[in-house]
Amino acid sequence: MMKAKYIVRYSGAVEPNAEEAKRILSSCGAALIDDSMFPKMVLVELDEEMAVRLRAELKGDWIVSPEKKYKVPDTRRKAR
C-alpha cells in the first residue's frame with residue numbers, strides 16, 4: 001500500500017499527554033518526519049489504512065489530515 005504524509009494536530013485547550021501520543025503513533029506504524037512541535041503537532045508518514053486507525057485511536061481533540069502542497073505563485077514583475 002502506498003504511504004502518504006499526514007499532519008497530526010492537537011486542538012485542545014490543555015497540554016496533550018506526550019507519552020500516550022507517542023505510544024499511539026508507534027502502534028499505528030507512523031514514521032515521524034517532523035516532530036519539532038511535538039506533542040501539539042507532528043508530520044508522519046503512513047498508509048491510508050493506518051491513518052484511519054490512527055484517527056480512531058486518537059480520540060477527542062486530535063485532527064489527522066493529509067498533507068497538502070501548494071504552488072507558490074511567481075510575483076516577480078515581467079517586462080512587457
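Just so you know, all these numbers are worked out from the coordinates, no wet-lab data involved. No experiment lies behind these values; they were computed from the predicted model shown. Note that each Cβ is placed from the backbone with ideal geometry, even for glycine, and that neighbours are counted across all protein chains shown.
State all residues of segment 32-80 that are within 14 Å of the chain's Cα centre (by Cα) and among the aromatic types (Phe, Trp, Tyr); if no residue qualifies, say none. Matches in segment 32-80: PHE38, TRP62.
For segment 26-78, a tally of residues being of a type in the set (Val, Ile, Thr) and part of a loop (DSSP other than H, G, I, E, B) returns 2.
ARG23 meets each of the listed conditions (1) surrounded by 11 or more Cβ atoms within 10 Å (Cβ to Cβ); (2) assigned to a loop (DSSP other than H, G, I, E, B); (3) without any contact (Cβ under 8 Å) to a residue 12 or more places away in the chain; (4) not small (Gly, Ala, Ser) apart from (2).
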